[in-house]
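The values are calculated or read from the model by the stated rules, or taken from the named source; none is laboratory data. Note that the coordinates shown come from a computational prediction; the quantities given were computed from them, not determined experimentally. Because the Cβ atoms are built from the backbone with ideal geometry, glycine has one as well, and the counts that use them run over all protein chains shown.
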Amino acid sequence: MNERLEAGRYWFDQVYGEGRAEGLIDMQSGLARDLARLGIEVNFGDIYSRPGLTLAQRELLSLAALVAIGGLEPQVRGHTRGAVRVGCTATEILETVIHTVQYCGFPRALNAIRVVTDELVELGVELPPGREATTD
């Protein structure tokens, strides 16, 4: 097994849980296994393993990018779980999505925040209260 794949498995498992990298590969068939393996090698073996950012920072950045791209709800759900697992708070995760609205627009941000909120609730994470608008 190559060094990049081993590093990728390590960092993937740090974010998603022990054995999850192998699970991602095993859920694929044939050539699709190659794509899963490449994703682990490149995304986690090459990128996540770099110094300079914490895993929590990387997960928040990943969420922001996925929200901006739009239409990637399964990945938003997965990176929400990863963000919680590496220590991000519900406020940090939700504020990351809110922050993206200025770059990607309300429809994408609203779609993503629904997915994120549902995932946080499913994980049993307490949601922060909203800041109600005042008319003072």
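A few remarks follow.
- From the list 19, 23, the lone residue that is over 30 Å from residue 130 (Cα atoms), surrounded by 13 or more Cβ atoms within 10 Å (Cβ to Cβ) and at pLDDT below 95 is 23.
- With respect to (1) within 16 Å of residue 16 (Cα to Cα); (2) touching a helix residue (DSSP H, G or I) at 6+ places or on another chain (Cβ under 9 Å), the lone exception for residue 113 is condition (1).
- Residue that is surrounded by the fewest Cβ atoms within 10 Å (Cβ to Cβ), among those in region 40-64 that are closer than 15 Å to residue 81 by Cα and of a type in the set (A, V, I, L, M): 61
- Extreme residue, nearest to residue 69 (Cα to Cα), among residues of region 94-119 that are surrounded by 12 or more Cβ atoms within 10 Å (Cβ to Cβ) and either among the hydroxyl-bearing types (Ser, Thr, Tyr) or touching a Leu at 6+ places or on another chain (Cβ under 6 Å) (or both): 100
- Candidates in region 65-93 are the residues that are touching a Cys at 6+ places or on another chain (Cβ under 9 Å), assigned to a helix (DSSP H, G or I) and not β-branched (Val, Ile, Thr); of these, the one that is surrounded by the most Cβ atoms within 10 Å (Cβ to Cβ) is 82.
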